[in-house]
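The values are calculated or read from the model by the stated rules, or taken from the named source; none is laboratory data. All values derive from a computational prediction rather than experimental measurement. Ideal geometry is used to build each Cβ from the backbone, glycine not excepted, and the neighbour counts take in all protein chains shown. Ligands, DNA and RNA are excluded from the accessible area calculation, which covers all protein heavy atoms including side chains. Shrake-Rupley method; radii C 1.70, N 1.55, O 1.52, S 1.80 Å.
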Amino acid sequence: MKKLKNVSLLLLFITFLACNSKEKEVINKKFEPSVESLQNYETPEWFSEAKFGIWVCWNAYAHTAVGDWYARNMYIEGHPHYIHHLKNYGHPSEFGYKDIIQDWKGEEFNAQELVDLFVDVGAKYIVGMANHHDNYDLWDSKHHSWNSVNYGPKRDVIGEFHQAVRKYEDQGIRWGVTSHVERASCWFQTNKGADKSGPYAGIPYDGNQKEYESLYLPPDPDGDVKPTQPSNAPLYWRENWLARCKDLFDNYDPDFFYVDGGVPFPGDDKGQTGLDMISYLYNQSKKRHNGENEAVMCIKDWYKKAPKGEWGYYWDGIATLNLERARLPQIRKQPWQTDTSIGDWTYVKDGDYRSATEIIQELVDIVSKNGNMLLNVSPMGNGKLDQKAYDLLQEIGAWMKINGESIYGTKPWLTSGVEHERFVIKGDNTIYLSCFEKPNNGMVDIPYFVPQEGKSLHIASIKILGLKDKEVKWESTTNGLSIEIPEGIKYKHALVFKIEADGFQNIDEKPIQKLFDRTEILTEWFDVLDKTIANESYTRVSNDNKNRKWAIRADSMLVELKGGKEIELGIKAKDVGVSNAGVVYVGSDDGIYFHAFNPLMWVDFPKGENRLTHMSYDGKEWLKLPGVKGQRCDINQTGTIWITDENGIVNYYDDLLWKSLDKKAEDIGCGGGWVGTVAIVNKGQLERFDGTHWTNLGGDNLRAVDVSLKDEVIVVLSDTGKISLFDKMGMVDLKNTETFQDVSCGQKNGKESILLSE
């Protein structure tokens, strides 16, 4: 018996060693610079607990106090920043951005003072901007001489922030860095130009001076000057960018890192250098944290605008999703982040700031959907916050001190809420209900917060955070939860109720599921639209955010509709699309033609000998985009043109090329957001493009599609002229008695509008 017992103990010990060995193998396994390996990433728990971070975008732009992108715009003749520079500093051939950097001292910058304030306000992670698109580093950079130790403040700005934040490490405060310099090799090429007119015409800007090339960069070998990521970044630039990122990781040990877009770089690199960077970040973190990755990497989903990597690549699961000044419409299972700002991205003298109410309510909404908010606050050129920014942070901090428990460490509930209510849950026994508006009758009624039939929610108490002495009366029935608000309560930003119970396992989920029935909401959305009905003589119609209308008559002639009259253009067309960027049409020869309302920043078009144009009767110049024949077309708000080609294949225009996607469509429409939704009708059904894949939304015998500019509701017509509406929460078929041929979404006086042809 004793021998058997010893054998059992030996087997148990061997099993323990084997299990322990497997665990060590998993812990010690490195991330490889591949999508497959990096998809083993999981957002670290600290990030999901933190919810709220403060970010400091501060560099030499703040010295000029007129806004972001100064280093690029000061070299664009006629731009407001160019005009400001000419007036205050001189011509950029004589006094350039190198001189702005050296003129900037940041003499009152005190990292510890700022960090102390941010912690007091309630930030759980604090982030510094290490560089922007201007190719100037704010640390003691080993791979770039133009840095804040050598030029400008003569201080290691990131190093000082790092030390200040780490003093709060025992309180769980995390430290992060952002880098925006991946674009610089093309973004900063404006410094190579010269004025085209005036007294300095033809005199090269100082960016042409060879002795400053380490800041201003060599000319791009492909002549790439656009402000997005370079179309095909030179090898030297990719290597230098990666070395600078690694230098940041090695010496400043960030818990959080972010690049301004997707994974760099498109072109020959196909994102490999970016994957190298991300794997290095995760592996360095694992070394420092006993084999666990504590580093959060955030990347943007701008792949929807240009899915072949022109804004950087995006692959689900390799990093944490980041949205710029945007939010998700519903709960996301994986953690995500919104980065936003109290105003402009960098300090602007007398600039406008958002209200504390707007920022707090946005934070509550984001948290209810499993997200974080990273809020930018930019100091003045001297390094101090202006009084308005300071007061705003104090107001946010006062609310957080009372209500922070409803933010930190919470998880999404069964629903994020509707209208002016938001829910989160903490543990099994506490739900927080945040109300953005005070009801007129003094009652908060939640009809979908109900117990299962014959059961109780076992609510023990409901309190208002910050008002422990105020008794709150409430009633829970199968009709919902009703909370009576005590008299004398003042609403400021958001009122938070703490609902405690012996578990909420008896919640009836059926009423919550009904919240996803979009019939009432979408019908009401359609009912309040500003509607224009064009007569049956127009086969295709389009309008934009300034209520400009274009149409194709039954005789195939394209006209502009203005003041109830037709403006003849002398153009035969098959389809037309319009946005605030310009107008695109498919000609009778199946060619694609485009007229820009204003110079476009984000998309390049043919120049010189490759530029083929014609004039319409009203004097507009139309550019032909060679290389493809089309059937249907539309254009998004930044100027990306989407078409179906002669074979019905979806294409978009970027980097002077047509880029084909593996999808057929009968019609196509674009939304109005910065990264607008693209929707198609394919084999009579609706599909939405999510950048890396298409989502079939259903429908039957659909014919025409467009996407609203503000809310991005997808409006479709069936073969019989009936209207259906789709948003990211659901859909509804309208009961319209009239029938229509085509639909276009626009705006009139800032409100959603719609143009329909009979």
Which of the peptides 120-126, 453-459, 56-62, 566-572 is most tightly packed, and how do the rest follow, going by the mean number of other Cβ atoms within 10 Å of each residue?
-> 56-62, 120-126, 566-572, 453-459
Please give the FRET efficiency for residue 546 paired with residue 214, using the beta carbon to beta carbon distance and R0 = 56 Å, rounded to the nearest 0.05.
-> 0.80
Quick calc: nm separation of the 7 Å Cα→Cβ label points for residue 738 and residue 649 -> 4.0 nm
Add +1 for every Lys or Arg and -1 for every Asp or Glu among the other residues with Cβ under 14 Å from the Cβ of residue 443, and state the total.
-> -4
Measure off 7 Å from each Cα along the Cα-to-Cβ vector at residue 428 and residue 490, then give the distance between these two points in nanometres to one decimal.
-> 4.1 nm
Can you send over the carbon and sulfur percentage of the accessible area for region 432-564, probe radius 1.4 Å, protein chains only?
-> 45 percent
Sorted peptide list for 525-531, 584-590, 130-136, 37-43, criterion being average Cβ within 10 angstrom, highest first = 130-136, 584-590, 37-43, 525-531
Averaged per residue, what accessible surface does region 314-366 expose to a 1.4 Å probe, in Å²?
-> 40 Å²
Heavy-atom accessible area per residue - region 680-758, 1.4 Å, Å² = 40 Å²
Regarding region 156-217, what are the three Cα extents along the principal axes, ordered largest first, in Å?
-> 59, 19, 19
Give the accessible surface of region 383-466 per residue, rounded to a whole number of Å², with probe radius 1.4 Å and ligands, DNA and RNA excluded.
-> 45 Å²
Pair residue 663, residue 201: separation of 7 Å Cα→Cβ label points (nm) | 4.8 nm
In debye, nearest 20, what is the charge dipole magnitude of the chain about its Cα centre with +1 on Lys and Arg Cβ and -1 on Asp and Glu Cβ, if you could check?
-> 1160 debye
With each run of n ≥ 4 DSSP H residues scored as -39500 (n - 2.57), what mean residue ellipticity at 222 nm is computed for the chain after dividing by its residue count and rounding to the nearest 500 deg cm²/dmol?
-> -6500 deg cm²/dmol
From the backbone phi of region 258-270, what are the Karplus-calculated ³J(HN,Hα) couplings (6.51 cos²θ - 1.76 cosθ + 1.60, θ = phi - 60°) in whole Hz, Gly and Pro given as x?
-> 8, 10, 7, x, x, 5, x, 10, x, x, 4, 5, 6
Any chance you could tell me what percent of the C-alpha pair distances in the chain go past 44 Å?
-> 33 percent
For region 176-303, go through all pairs of different Cα atoms, get the mean of 1/r, take its inverse, and jot down that Kirkwood value in Å.
-> 16.1 Å
Diffing region 426-442: the Karplus 3J(HN,Hα) column from phi (6.51, -1.76, 1.60, θ = phi - 60°), in whole Hz with x for Gly and Pro, holds 10, x, 9, 10, 10, 10, 10, 10, 9, 10, 8, 9, 7, x, 5, 8, x
On the protein heavy atoms, probe 1.4 angstrom, tell me the percent of accessible surface of region 593-713 carried by carbon and sulfur.
-> 47 percent
For region 560-611, what does the alpha-carbon gyration tensor say about shape, rounded, prolate or oblate, given a ≥ b ≥ c as the root eigenvalues, a/c under 1.5 as rounded, and a/b over b/c as prolate?
-> oblate
Mean Cβ neighbour count within 10 Å, used as a protection proxy, ranking 615-621, 229-235 highest first = 229-235, 615-621
Roll a 1.4 angstrom probe over the protein heavy atoms and tell me the percent of accessible area of region 176-215 that is carbon or sulfur.
-> 55 percent
Here the averaged projected area of region 465-556, based on the convex hull of its alpha-carbon atoms and given in nm², is 11.8 nm²
Which pairs in the list 192/620; 305/411; 574/664; 29/154; 98/305 are over 29 Å apart, alpha-carbon to alpha-carbon?
-> 192/620; 305/411; 29/154; 98/305
